[in-house]
Amino acid sequence: TICCGQIFRYNILDDNSYDIILSDRVINIKEDKDYLIVDSNNMDNLEEVIIKYFDLDRDYSEIYNNINLDKNIIDYNKGLKIIKQEPLECLISYIISQNNSVSNITNSLNLISKKCGKKVIFNEKEYYLFPTLDELVILVPPVASVYHPSKVYPVLFVTGSVPYSSYTTFSSKSILVW
């Protein structure tokens, strides 16, 4: 699920665990048989956050039983979950992903986060949370000074999709609703 292309801001560690940057925290997650071992810089409601993010409360067997696909395709994809990423980061990831490589998408998202997001230290490493819309809007005027020229187009596209004059009335929930 983590490496299937739904998210871009994660690191695979030497112990085969993953550091994943969520909207309000960084988590480290590892599967051990039938268990998920999770640590975070923010332990508040961690179980609830993990269940929601990895869509663990959905009955996927019911979905599999109601779609008409080759059984081999279903068996191959068993365990794949729909990531419930923060809608604004999901939208911007999608826009940046157009005609781009995974490494460029990841780098662009990390640049945006480093410029506008909140810094978090977890396991002695520095991470940046993806910015909120209010934090992101500061990129509107000085886009060219923030990004390498090859990364300007997606940012212009994103910021152009949210008019500067009305950003305070814009809600990321109007983009996607989970």
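Being open to solvent by 70 Å² or more (accessible area, probe 1.4 Å) and within 24 Å of I105 (Cβ to Cβ) is the filter here, so list the residues in region 25-60 that pass it.
K52
I'd like the residue in region 89-117 that is surrounded by fewer than 15 Cβ atoms within 10 Å (Cβ to Cβ), within 17 Å of the chain's Cα centre (by Cα) and not in a helix (DSSP H, G or I) and, out of all such residues, is modelled with the highest pLDDT.
Just the residues of region 89-117 that are surrounded by fewer than 15 Cβ atoms within 10 Å (Cβ to Cβ), to begin with: 94, 98-99, 101-103, 114.
From what is left, the residues that are within 17 Å of the chain's Cα centre (by Cα) are 94, 98, 101-103, 114.
Pick out the ones that are also not in a helix (DSSP H, G or I) and you get 98, 101.
Working: Q98: 81, S101: 87.
Within region 89-117, the match that is modelled with the highest pLDDT is S101.
Quick test for you: out of E126, E135, pick the one residue that is part of a helix (DSSP H, G or I), open to solvent by 10 Å² or more (accessible area, probe 1.4 Å), modelled with pLDDT of 50 or more and not hydroxyl-bearing (S, T, Y). Even if it seems obvious, please write down each step before you answer.
Working: E126 fails: part of a helix (DSSP H, G or I).
When all the criteria are applied, what remains is E135.
Within region 63-82, can one find any residue that is open to solvent by less than 30 Å² (accessible area, probe 1.4 Å) and touching a residue at least 24 places away in the same chain (Cβ under 8 Å)?
Residues of region 63-82 open to solvent by less than 30 Å² (accessible area, probe 1.4 Å): 74.
Pick out the ones that are also touching a residue at least 24 places away in the same chain (Cβ under 8 Å) and you get none.
No, region 63-82 has no match at all.
The values are calculated or read from the model by the stated rules, or taken from the named source; none is laboratory data. Treat the numbers as computed from the prediction; the structure is a model and nothing was measured. Backbone-built Cβ (ideal geometry, glycine too); neighbour counts: all protein chains shown. All accessible areas refer to the heavy atoms of the entire protein, side chains included, with ligands and DNA or RNA removed. Shrake-Rupley method; radii C 1.70, N 1.55, O 1.52, S 1.80 Å.
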